[in-house]
1. Taking Cα atoms, how many degrees apart are the long axis of helix 512-524 and the longest axis of the chain, rounded to 10 and kept between 0 and 90?
2. Of all beta bridges DSSP finds with both residues in segment 1-123, what is the antiparallel percent, to the nearest 5?
3. Relative to the first principal axis of the alpha-carbon coordinates of the chain, what is the inclination of helix 61-77, with its axis defined by its Cα atoms, in degrees from 0 to 90 and to the nearest 10?
4. Could you state the angle between the C-alpha long axis of helix 197-208 and the longest principal axis of the C-alpha atoms of the chain, as a value from 0 to 90 degrees rounded to the nearest 10?
5. Between segment 377-403 and segment 275-344, how far is it from one alpha carbon centroid to the other, in angstrom?
6. Give me the distance in nm between label points sitting 7 Å out from Cα along the Cα-to-Cβ direction at residue 416 and residue 164, one decimal.
7. Can you sort 21, 330 by how many other beta carbons sit within 10 Å, fewest first?
8. When ranked by the protection proxy of mean other Cβ atoms within 10 Å per residue, highest first, what sequence do the peptides 161-172, 39-50, 235-246 form?
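Laboratory data are not the source of any read-out in this text; all were calculated from the coordinates shown. On a predicted model such as this, the values are computed, not experimentally measured, just so you know. In this analysis, Cβ positions are derived from the backbone assuming ideal geometry, glycine residues included, and neighbour counts consider all displayed protein chains.
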Ligand code: ATP
Ligand code: MG
């Protein structure tokens with residue numbers, strides 16, 4: 001297949017794959033990349049297809065720039081300046097994008113905040129970040145009501161000043177955005193990123209969409225823009241590459257709502273988090289007319305890849321990364337076939353390694369690490385020098401994930417804390433979950449270690465069955481035999497628990513620590 005590079009006006013890096021090198025200027029501002037540049041050269045080009053209903057449908061780069069400029073003036077009028085942290089508490093919509101751009105324009109640091117956060121989640125993040133002003137909407141004002149010393153700025157409600165605002169010069173290494181991790185394993189940490197972070201995402205975004213930027217491409221994700229996956233895997237790269245981004249809000253995620261957005265927005269490229277794909281798969285939804293689907297954030301699994309081919313006529317490109325350093329590995333169906341169960345190859349510009357216990361790169365199983373120099377790597381954890389120090393080992397950022405190379409492909413074994421130690425074996429939960437998901441009775445599954453006096457831990461699988469399937473001892477035995485036959489005798493789940501639903505984070509990730517706590521409490525009884 002001939003691969004066309006996208007319309008990215010000036011790629012701030014060399015060719016993908018062959019002789020790749022970053023070409024990041026010392027002065028860089030993401031507002032220029034995602035907005036000002038296009039507004040100057042192609043003001044009428046559509047930047048955002050806004051189906052949220054909050055304003056006009058087609059937002060051009062000129063519109064976006066005007067919104068961001070006016071908001072920037074309003075922030076400056078409130079005394080906000082370089083290095084100040086400003087929250088953005090808005091759902092998908094043009095003002096959400098304009099708010100981040102406005103904050104970067106004035107050299108301040110934006111903090112994406114999620115509209116589903118309740119009081120404590122909001123106040124801990126806003127308090128930790130020391131944000132004084134939050135750009136929000138009418139609903140958000142209510143959410144912020146209990147937070148003292150925080151000023152809510154609602155662009156629609158206050159008379160924004162008219163006029164232009166010329167984006168301030170910032171360094172590529174200057175802090176620009178503070179994004180909190182998902183909190184899957186503990187309290188969320190604020191990853192502080194520099195202006196180069198957007199550039200750092202571009203190669204992985206291009207690749208995971210089989211070269212984003214082809215004619216008629218149009219990008220959408222059901223993930224909220226408050227997460228790195230929404231903001232930097234979709235919204236900002238789309239704006240930078242020049243691919244329109246669809247903004248939409250769903251009351252509840254489901255196939256029909258999905259189809260409607262795809263139809264109304266002429267969507268061709270989607271980032272679906274695995275949890276969204278699981279829901280579509282459960283309803284055996286089929287969608288035609290898409291050009292690319294990327295997924296990441298959790299293991300996707302070989303079974304999902306097979307189903308994706310049937311349901312979309314496409315190979316889903318799995319990618320891997322974390323809030324601290326994102327888009328570092330990816331598949332690219334246009335260039336190479338994915339290795340089922342692996343999360344792809346290292347994305348050009350990101351030096352990925354698996355380290356053994358001495359900290360040396362190995363071909364065997366070990367800690368997944370990323371070498372400094374990756375453009376999407378955070379500067380530090382905000383306010384957490386000790387956790388920042390622990391995150392790095394010399395030149396390497398430690399992801400906290402375990403992996404193993406299969407040639408050039410990286411296989412995800414599990415998070416370090418989730419790897420199960422049983423009778424001297426180290427067992428990754430991902431492979432067992434992947435295997436169980438291929439069984440016809442299983443809807444979703446979470447595998448954890450359950451404390452055991454003899455074996456240290458045993459493998460316990462919490463299984464959610466498909467509609468109409470009933471739990472029974474026979475079925476449990478069948479599932480055990482199923483894994484035993486396919487994986488290894490030592491790694492089959494010695495216990496199966498049938499439950500109604502798995503504990504999930506707001507971003508739809510399985511919270512294994514809750515399952516582990518449940519398993520441990522069962523043991524204690
Ligand atoms: P916290 O750090 O607060 O516990 P979190 O790690 O879930 O939360 P994120 O930064 O959103 O927060 O998620 C990154 C993690 O998600 C990775 O470290 C990895 O464990 C997992 N992950 C991301 N992509 C994949 C993938 N393709 N396959 C398997 N796991 C993935
Ligand atoms: Mg993490």
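1. 30
2. Bridges in segment 1-123 are about 50 percent antiparallel.
3. The angle comes out at about 80 degrees.
4. Approximately 50 degrees, to the nearest ten.
5. Spelled out, the Cα-based centre of one part sits 27 Å from the other.
6. 5.1
7. Sorted ascending by nearby Cβ count, the order is 21, 330.
8. The packing order, highest mean first, is 235-246, 39-50, 161-172.
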